[in-house]
Structure formats: structure tokens, C-alpha cells
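Taken together, the values in this text are just the output of simple stated rules run on the coordinates, not laboratory data. In this text, all values refer to a predicted model and were calculated from it rather than measured experimentally. With ideal geometry, Cβ positions are generated from the backbone for all residues, glycine too; neighbour counts draw on all protein chains shown.
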């Protein structure tokens, strides 16, 4: 495979010609925020966080969908780029109900960590606070639209890796929603294999395993009586 | 079909038409139909039948004649006499038209209903694409052939190599009529040279700008012209399959195109061995399902392939990797409408119209606050003043002209001080607007510019596909800020935040929809910033349009 030479942040680097610009940037150990990109899935170019500046181009480039080219001069971090990235994250946070303290992914969420790394400490836009449902009809998993950022990783993994294409996107613009099985409750989907790949690739708390949320813990206070009755009265309740 | 047969067919149709002493042409495109054109047509036919004059008089359904706001329109063609066009025709008036021109009775009711032949609306236009619209029956192939149809295709197939065809298009200087203005000939060359087992030609008829209906009219009024252009393109780039992507809201256009394709296939102008040559070319129709973004070429191709109509990042460009990964030529239907004229009458003839850098004529849908609204085709380089005041007949009530909006939600406004600048791709861009697909909305002093910007932003917000976050969430926030401004609830900080957001959405969005969505805000801010400030600082709408909310 041929190799090209390009400049990233004033440093001359070489990269394989079939690689994406994002790969080349990451190979240099440069940290660049991404949300829709996931190694192993096709690139989408949707979140627009990996945009970089290229000398001689009036337009910014989404590095995940830009192939490396000989002689490119790339800047990955600038005041303009950081500001845009911050604005995009703020737009995402304002779009749905991203309330970390009540979220199963609090502390492990990619949106949360990208926001923290970009220094997003407040949101300058109106919170849209949409009234969105959850789908808990599946035996093992839950789809919570409130946390979804429409990165489509779940769509892609279901289609490209599992080959089931249970998940898709319906509606458009701000009304876009991840749907399951032709927009039917997830639990009734016949194509879903229950593999859980979608849950694993989801960057936020939009897809999660049942039993993991804050309110799902059930305690059995009457266990004490079972023991004591057994011990004292020799009455064993097995049911 | 070969050339001799084609000429014979044209001659026999001309002979047939000349047998009639009077031909009554009744517009049957959507605007006239919606104002009662079909009833008029029926009335004309009935009157002819009652008198038993079927052999002498003919009533024909045609395509658009232009001044749509005055429809239904009827043109009377008499042997050796100048054509007369009647406006606002009702079935009763239709009867009177027959009285006057066929029965030779007096019909005082027709006084003042005939449009003068030296009317500036007609005189200032240069019809290339719409040359036959309004004179031919769009549902009859013979009618198109009688006007010289398909001779350009046969000329290209017989006398020109594919490379020469592309070169002719380059020399004509025509630029893409979809809005961006990319040189058509270069695109053809690119697709011709691109390696690929198969190639495709796609006509983009997914017109979606508010108030624009150029493509619909062309497809409804002269479908064969589009097909002929596509077939020539197919020959030039080496494609054997074409698709016309018709907007879902245009069932009449799709119906007429479908009939046209069937008729052309039956006569050997499309399909296998086109015009008895070795060139095969099929055309199929694909209907949209109501998404504006499908007018964007990559989204359109996704839709044709049966996928969700969302754009994908370019490169690779469709010219290299388009439908199913094969090189694909995508042009607007209006661009294809020009091709037969360029090949038939020569690139030099075509290039003699227009300006240095923008050749030919452009169709505009003239709408808004003008006396004559309708569909016009004007040479590129005409001034806005000529369009508004001569063709459009000025602003109703003599009110002052405030601005003209071109390019729909991706475009901008041209204020009164630029009324005399020539309209071409470069000038409009310099003024902060775009040529666009041809929507032209005239506004008088009763239009509020922040409100106009809000209208277009609402449109973009509704039509954003939702794939990239800046466009999906950004348009919503921009719309909210504009809403606040028009209600008098915004602060100057909000305005600064709006401008910052506009720049971000413009620079980071994935496709043209998002990248150009802030344009209406930019251009209104550029020329009418004082109006924004009046809303914010003075809590007052200068145009008297916006309802101010109570002060918080």
C-alpha cells in the first residue's frame, strides 16, 4: 500500500493512502473529539466534531470521511474549531433531555466526556426539553430516546455486523428517531436477535441493559422473617 | 425511426394542424387547472361539437403560457392572423371566444380580456427551454416532433461523436440550472471519462423551493424536451439508463412524463437501438416522497437506490461514484431542457445569449408582490428592474419595491439599490444571494425582513434530514432566536449569538441544505440590520407585520 506524506499540526507525518484523515490524526496521538465514529463501523460524517482546517481550502473537512492526500496541511485544533466543537456539543445537550445525574451512563458517557474535555460548563441555547418516550418492551434492553444523539452507531452495527437491520431511523430533522423493527415496540421485533451489539456501541445512555438503572434495585425485606421463622419455629417457606 | 420517417411524421402533423382554420389552445398545466382550466377546455370542445365543426376547429390542451396569475389562459391561433391570448377565461367566456373567432359573432364580453401582443411580459422574455411550452400538446409526441423535436438527438447520434457532443455543451457555456451553476459541459466530460462498467444519467426534478415551479412546468408542458436532452446526455457520457426523479407532489408531471416515455419508446426514440443506431437508452421515473433534501444530489441518489434520502459526504462525487457505485451524471431537468436547443441550433447561437460568464436564458418563477406573477424565461444578464417593473408590471398599488428574494431558502435578498444590476451567477453571489433554481419573490415595504428570514428558517428546520448535528439542532435554535426577535423578546446578545451560530452551521454542516440555511439571515442582516435592531431595541416592527409580545 502506498504511503502519503502530510502535515498535521506543523508536523510532517506519513500515512497509508487508504486511511482516513481521522485515523492519521489519531495515529499521531492527537486527541480529537468524535461521537458518530466507531472503529469497525462505516463512517458517517454526522456529528461534525472531527472537523479540521486544511490549508488552501475555504471549507472545513470532516476528517472521518476525508481520505488522506499527499501534501495536505492540516490543523486539528484552533480557536475556531474548539469553539465550533463546543457549540455542537451544546446543541446536542440542548436537543434532548441529557440529565446526567439520572442517567445510567453517568461517568461512562461519551457525550459527557467530550463535553467535559471541551470545557462545556454551560449551554448557551434553549433546552428544547422534548417529551420523548422510552421503549422497555424488549426482554433485556431499553431504548431511551431522551438520551439519543442520533449518531446511528446502533443502526450501523445492527446492519453491518449483526446483519439484522432491526434498528433504523425514522422521521427527519429534529423529529428523527431511532426505531426498531418497522417502528414497532422493540419487544415485538422478530428480526432482533437480542445480541446487544447496539447497546455496546451506544455512546450515551440511550440504549442500556435492563437492571442497570437507578430505580431497578428491588430489596426483599421479608427475607429476615424467612430466616427467623425457620430458625425459631422450624417453618420453612420455600416459595 | 430514422431521419426520413421523423421528417415525414413532422410533416404529416403540420399538415393536420393546417387543416384547421382555427385552433384554440387551452393551458392545461397545474396553475390553470387549479383555476378552472379543465372546465374551459370542456366548454371549448362542447361548443365545437355542437356546431359540428370538428373538422375545421380544434381545441388543444397545451402547457404553460406564462402569466399564471391570469389563468385560465386560452390562445386563439388563426390562419394568417396574429395569435390572441385571453386571460381569466371561464366556460362562459370560452363560449364567447368561440362566438367571436369561429362563429364570427360579436362578443363585447371579450373586450379587455385579450393580452396585448406587445405586452412587456412577453416581449422582454427570451424563450429557449419554454419555446414550445404553451403551443404544443404535452401528451402528444407528434405535436413535439412537428416543432422539430428529436432532430437534435438524431443529429447527435448520426453526425457527432460523444466527445463532440460534450465539447459542444462546453462551448455553449451553459451552467447547471439547479442553482450552483457548475459548468454542464465539464461535468459531462468528467462522467464520459470516468471508468465504469455502466453509467447513469439522472434528471433532478425534485424542485422544492417555496414558490418555485419552473421544473414542474417544464415537465408538464414539454416532457419530450427533457427526455431528448437526457438521451443526448446518455449518448455523450456512455450511459444506457436514465432516471427522472420527480417530486412526489407533482403527479401530473409524472403522468405526462410517463406517457411521453411510453410514446417515445414505441416510436424507437428511447429504449433499444435509439433512432436505429447502436445506442440503447431507457428512462425510468422515480417519484420522491416529499423530502426537500432529496433535491441534493447524493440524497437523491440514495432515494433512487431505495435508501433513506440522506446526503452523504462528497468526495467521491457522483461523476465518479454515483448510483450503485457507477459514474452518474446528475443535472437539473431545466439543464436537460436546454440541451436539444444547443445541439439543434449550435453552441454559438446559444452562447450569443446571456453574459460573458453565464450563457443562455434562465426560467424564473416570478411571485410575491408584483402585478404579473407567472413563469418567465429571460436572458441571463437582464436587470432586476426589467423583471420587476417591465415583465412583472411593477408592485401592486404603486408601493415601493423593498427587496427581491432569489434562491429560496438557500438564497438571499436583493435590496432596491441593486435593482439595476444584471442577474447572473456571479453578481448574485456578490450581493449575498444565489441564482438558485429560479424562485424570485418580490417584496414591498409591507414585508418584514426578520419575519422573512424566520419563514425560510422554519422551512430549513422542517426539511433538515437530521443526519448532521449542526443542521438538525442548529436550525431549530436559529428559528427560536428569530422567533424571539420577531416577538420583540430578544436582546442584542441574542443577535450576536445568532450570528455566531449562523457561521458555525454554515461552516460545519454536511450538505448544501445546512451550509446555506443561514443565508437568508445573513443577507437580511447585511441590508436590513436596522430592522432587526428596531425589533430588539425599540420593540417595534417597522413593516408592521410582527405582533410584539408584552414586554417581559
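Given the -39500 (n - 2.57) contribution per DSSP H run of 4+ residues, what per-residue ellipticity at 222 nm results for chain B, rounded to the nearest 500 deg cm²/dmol?
Mean residue ellipticity at 222 nm (helix-derived): -12500 deg cm²/dmol.
Over the stretch B:226-301, consider all pairs of different Cα atoms and compute the Kirkwood hydrodynamic radius from their mean reciprocal separation; express it in Å, one decimal.
Mean inverse Cα-Cα distance, inverted, gives 13.1 Å.
Measure of size requested: the Rg and Dmax of the stretch B:136-233, with Cα atoms as the atom set and Å as the unit; please supply both.
Cα radius of gyration and Dmax of the stretch B:136-233 are 14.8, 42 Å respectively.
Need the C-alpha centroid separation for the stretch A:61-113 versus the stretch B:375-441, integer Å.
Using only Cα atoms to place each centre, the spacing works out to 40 Å.
Per-residue mean of other chain beta-carbon atoms within 10 angstrom of the beta-carbon, peptide B:502-514?
Partner Cβ neighbours, averaged per residue: 4.
Can you give the Kirkwood hydrodynamic radius for the protein assembly as shown, in Å, rounded to one decimal and based on Cα pairs?
Evaluated over the protein assembly as shown, this radius sits at 29.4 Å.
Work out, in µm²/s and without decimals, the Stokes-Einstein translational diffusion coefficient of the stretch B:148-351 at 4 °C, 1.567 mPa s, Rh from Kirkwood over C-alpha pairs.
The estimated diffusion coefficient comes to 78 µm²/s.
Give the distance, in whole Å, between the Cα centre of the stretch B:19-81 and the Cα centre of the stretch B:136-174.
Rounded to whole Å, the Cα centres lie 28 Å apart.
Using a ≥ b ≥ c from the Cα gyration tensor of the stretch B:272-363 (square roots of the eigenvalues), is it rounded, prolate or oblate, where a/c under 1.5 gives rounded and otherwise the larger of a/b and b/c decides, a/b for prolate?
oblate
How would you order A:1-7, B:371-377, B:55-61 from highest to lowest mean count of nearby Cβ atoms within 10 Å?
So the peptides A:1-7, B:371-377, B:55-61, ranked by packing, come out B:371-377, B:55-61, A:1-7.
Take the alpha carbon gyration tensor of the stretch B:400-552, find the square roots of its eigenvalues, order them as a ≥ b ≥ c, and report rounded if a/c is under 1.5; if not, report prolate when a/b exceeds b/c, else oblate.
It is oblate, given that a/c is not under 1.5 and a/b is not larger than b/c.
Based on the Cβ-Cβ distance of residue B:5 and residue B:255, what FRET efficiency does E = 1/(1 + (r/R0)^6) give at R0 = 35 Å, to the nearest 0.05?
0.80
So for the stretch B:359-406, what are the equivalent ellipsoid semi-axes in whole Å, largest first, each being the square root of 5 times an eigenvalue of the Cα gyration tensor?
Semi-axis lengths for the stretch B:359-406 are 19, 10, 9 Å.
If one puts a single equal scatterer on every Cα of the stretch B:449-538 and applies the Debye formula without solvent, what log₁₀ I(q)/I(0) results at q = 0.13, 0.16 Å⁻¹?
-0.36, -0.54
Between residue A:137 and residue A:182, what length in nm is gained on full extension when 0.36 nm per residue of separation is reduced by their alpha carbon distance?
14.7 nm
Taking every alpha carbon pair in the stretch B:4-59, what does the distance histogram look like in 10 angstrom bins from 0, in percent?
Distribution as computed: 23, 36, 31, 10, 0 percent.
So for the stretch A:112-239, Kirkwood radius off the Cα pairs, Stokes-Einstein at 37 °C and 0.692 mPa s: how many µm² s⁻¹?
In µm²/s, the coefficient rounds to 186.
Starting from the Cα gyration tensor of the stretch B:414-486, take the square roots of the eigenvalues, sort them a ≥ b ≥ c, and report rounded, prolate or oblate (rounded when a/c is under 1.5, otherwise prolate if a/b is larger than b/c, else oblate).
oblate
What nm value, rounded to one decimal, do you get for the distance between residue B:78 and residue B:278 when each label is placed 7 Å out toward the C-beta?
Between residue B:78 and residue B:278, the simple spin-label model gives 5.6 nm.
Principal axes first, then extents: for the Cα atoms of the stretch A:3-77, list largest minus smallest coordinate on each axis, whole Å, largest first.
The Cα atoms of the stretch A:3-77 stretch 27, 25, 18 Å along their principal axes.
Kindly provide the helix-only [θ] at 222 nm of chain A, computed as the sum of -39,500 (n - 2.57) over DSSP H runs of four or more divided by all residues, to the nearest 500 deg cm²/dmol?
Taking each H run of at least 4 residues, the total per residue is -6000 deg cm²/dmol.
If you look at just the Cα atoms of the stretch B:361-444, how large are its Rg and its Dmax in Å?
Rg, Dmax (Cα atoms, Å): 11.2, 33.
Tell me, rounded to the nearest percent, the portion of alpha carbon pairs in the stretch B:19-121 spaced more than 18 Å apart.
Value for the stretch B:19-121 (Cα pairs over 18 Å): 41 percent.
Just need the Rg to Rh number for the stretch B:510-552, please, alpha carbons only, Kirkwood Rh.
Rounded to two decimals, Rg over Rh is 1.13.
What is the log10 of I(q)/I(0) for chain A, computed with the Debye formula using one identical point scatterer on each Cα and no solvent, at q = 0.08 Å⁻¹?
-0.41
Viscosity 1.306 mPa s, temperature 10 °C: Stokes-Einstein D of chain B from its Kirkwood Cα radius, in µm² per second?
It comes out at roughly 65 µm²/s.
Label residue B:49 and residue A:228 with points 7 Å out from Cα along Cα→Cβ: what is the distance between them in nm?
In this crude spin-label approximation the distance works out to 9.9 nm.
Could you let me know the centre-to-centre spacing of the stretch B:457-478 and the stretch B:192-223, using Cα atoms, in angstrom?
That distance is 25 Å.
Using a Förster distance of 51 Å, how high is the FRET efficiency between residue A:99 and residue B:430, based on the Cβ-Cβ distance and rounded to 0.05?
Efficiency at R0 = 51 Å is approximately 0.60.
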